[in-house]
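> Please see the structure below; I have some questions.
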Amino acid sequence: MAKTDANANGEASLPHKRISLCGKEIYIYREISSTNSVAHTMASDGAPEGTMVMSMFQTAGMGRMKRQWVCPAGKGIMMSMILRPKIGVQLVPQLTLLCGVVVAETIREVTGCAAGIKWPNDIVIKGRKVSGILSQSSLFRGAPEFVIIGIGINVNQNDDQLPPECKETSTSLRIELGKRVSRFTVLEQFITIWEKHFQGFLKEGYPYIRTNWIKNNVTLGRYITINNSNNPNVGVAVDISERGGLLVSLSDGLPEEFLAEDLSLGSTYYKINK
Ligand code: BTN
């Protein structure tokens, strides 16, 4: 269950701009704590599915595993989308997988760079992270009342503008392409591609996501090491599951499922969190 920070209630009422783009209402802020927090407040107040929140800067951008998402003002895309899916809570990670597909395709379309998905939802170019996705759900009687999908994309940072601790592992579209990239074009493409894939998902369900995730991923087929005991177990990532888990074929038997909260992908191999 997502929590909203105390500021978000006040912040939500002060957008710098409100635009309509490809059928979506987008609330654009100059500076807020986190687009996920403000989107959460707006969803609690009844904002419809598809409403989006963007900000030029976040003072408390959130990443997965309690990490922060840091991006200088105006250099990246920081946005959150409100969804109201009629699915069980255990299937919410499917929407994150779908969003990963959309971000990878958007980046390839706009820049031509070979962006791919590193499980569960990092988008990488030549192994370096360029985008991350953080989904948060609010439950009502055990079912998702709404889901917030938060997307951060490094667009126009140069090397010096990436967080020092991420310099070796992150990149931006500008660094990869060698020239500035229009954030508006990225946004427009994202919405167009999202609409196409979301309709596909509504029609065909999980098989649609699996097919498209497999097309866009750079994880399956790789050797990984699971460090959950004194004897690290090496396996090969072979598939994803309906719950958004990674199926790993270990040397000693059948594929085992790992969920995103239990496994994190280091730079060279996966490590189980214990
Ligand atoms: C990750 O890779 O750890 C996920 C990062 C998600 C960052 C985005 S930026 C927009 C949205 N608002 C947030 O506070 N977080 C997400």
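Each row is one residue, and each column tells you yes or no for (1) without any contact (Cβ under 8 Å) to a residue 12 or more places away in the chain; (2) surrounded by fewer than 20 Cβ atoms within 10 Å (Cβ to Cβ); (3) in the same structural domain as Cys99 (by TED's automatic domain parsing); (4) within 21 Å of the chain's Cα centre (by Cα).
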position: Ser13; (1), (2), (3), (4): yes, yes, yes, no
position: Glu25; (1), (2), (3), (4): no, yes, yes, yes
position: Ile28; (1), (2), (3), (4): no, yes, yes, yes
position: His40; (1), (2), (3), (4): no, no, yes, yes
position: Asp45; (1), (2), (3), (4): no, yes, yes, no
position: Met52; (1), (2), (3), (4): no, no, yes, yes
position: Ser55; (1), (2), (3), (4): no, no, yes, yes
position: Ala60; (1), (2), (3), (4): no, yes, yes, yes
position: Gly63; (1), (2), (3), (4): no, yes, yes, yes
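> Can Ile117 be described as of a type in the set (A, V, I, L, M, F, W, C), under 25 Å from Lys167 (Cα atoms) and not in a helix (DSSP H, G or I)?
When the stated conditions are applied, Ile117 passes them.
> Suppose we keep only residues that are within 9 Å of the ligand (Cβ to nearest atom) and of a type in the set (D, E, K, R) within region 97-146. Which one would you say is farthest from the chain's Cα centre (by Cα)?
The selected residue is Lys129.
> May I ask you to verify whether Ile149 is touching a residue at least 60 places away in the same chain (Cβ under 8 Å), open to solvent by less than 10 Å² (accessible area, probe 1.4 Å) and either aliphatic (A, V, I, L, M) or away from the ligand (no atom under 14 Å from the Cβ) (or both)?
Criteria met by Ile149.
> Are any residues in region 203-253 of a type in the set (Phe, Trp, Tyr), part of a helix (DSSP H, G or I) and within 14 Å of Trp119 (Cβ to Cβ), and if so, which ones?
Once the filter is applied, which keeps residues that are of a type in the set (Phe, Trp, Tyr), part of a helix (DSSP H, G or I) and within 14 Å of Trp119 (Cβ to Cβ), region 203-253 yields only Trp213.
> Follow-up. Could you grab the pairs with beta carbons closer than 7 Å, sequence gap of 6+ or different chains, first residue in region 88-108 and farther than 13 Å from Asn121 by Cα, second one assigned to a helix (DSSP H, G or I) and open to solvent by less than 10 Å² (accessible area, probe 1.4 Å)?
Every condition considered, the pairs that remain are Glu105/Asn216; Thr106/Val186; Thr106/Phe190; Ile107/Leu173.
> One residue is enough: does region 87-94 have a residue meeting the conditions near the ligand (Cβ under 10 Å from one of its atoms) and of a type outside the set (Gly, Ala, Ser)?
No, region 87-94 contains no residue that is near the ligand (Cβ under 10 Å from one of its atoms) and of a type outside the set (Gly, Ala, Ser).
The values are calculated or read from the model by the stated rules, or taken from the named source; none is laboratory data. Computed from a predicted model, the values in this text were never measured in an experiment. Positions of Cβ are generated from backbone atoms using ideal geometry, with glycine treated the same way; all protein chains shown enter the neighbour counts. Calculation scope for accessible area: heavy atoms of the full protein, side chains included, ligands and nucleic acids excluded. Shrake-Rupley method; radii C 1.70, N 1.55, O 1.52, S 1.80 Å.
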